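The values are calculated or read from the model by the stated rules, or taken from the named source; none is laboratory data. This one's a predicted model, so the numbers in the text were calculated from it and none came from an experiment. Positions of Cβ are generated from backbone atoms using ideal geometry, with glycine treated the same way; all protein chains shown enter the neighbour counts.
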Amino acid sequence: MTADDPDREFKTLLRAARSGDDPAWDAIYRWLAPQVLGFLRASRLPDPEDVLGDVFLEVARRIGDFRGDRRGFRAWVFTIARSRRVDEIRRRARRREERFDTGEQAVVPSSIDVEQDVLRSLVLDDLIVHLDQLTDDQAEVIVLRALGGWTSPEVAEITGRTVGSVEQLHHRATRALRRILDEA
């Protein structure tokens, strides 16, 4: 999507995707899949790519129901990703699967510049190593804020929490991570 009029371009893209246009679906996937995959990888799911596929299948099934703008669509997709993540965690808990490290690093795409990408990647790699030491709710808020670049009100909308709850979780998680890093 270009910077000229992203909302108008998005509406055209959405209309084309709803009618089954493959290039439109490809554009949506290229736009959001790296961010969603980063979120899923940071959640340390064993098969984040499989869950990503489930997310986009759900998006394809429900795209006709979506109402909103470009930013709302992105939040809607992340809400679906969060739901699929929770489903996967519950499925694993029922099967009593053990968490394991895939050895993969979270990829955080950015169009700003290579230096910022590298710095952000180093920070996130360090952060992801310690996510297991946080509560699931704290880790989720940290990942959405760090990987998704979401604000507290946006994270509240995605997770179904209040803004105050998100800010409290973020504050506690940040304090816990600071303590963890100081002890390392």
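Here are a few things to note about the model shown:
- Within the stretch 11-62, considering residues that are more than 15 Å from the chain's Cα centre (by Cα) and among the small types (Gly, Ala, Ser), the one nearest to Arg145 (Cα to Cα): Ala27
- Residue within the stretch 93-106 that is under 18 Å from the mean Cα position of the chain (by Cα), at negative phi and at pLDDT 80 or above present: no
- Close contacts from the stretch 158-169, counting a first residue that is touching a residue at least 60 places away in the same chain (Cβ under 8 Å) and a second that is aromatic (Phe, Trp, Tyr), with Cβ to Cβ under 8 Å and a gap of 6+ residues or different chains, come to Ile158/Phe78; Ile158/Trp150.
- Leading residue by the ranking (nearest to Gln138 (Cα to Cα)) among those in the stretch 1-52 that are hydroxyl-bearing (Ser, Thr, Tyr) and surrounded by 12 or more Cβ atoms within 10 Å (Cβ to Cβ): Ser43
- Set Val123, Val166, Val141, Val118: member being modelled with pLDDT of 90 or more and outside the structural domain of Arg44 (by TED's automatic domain parsing): Val166
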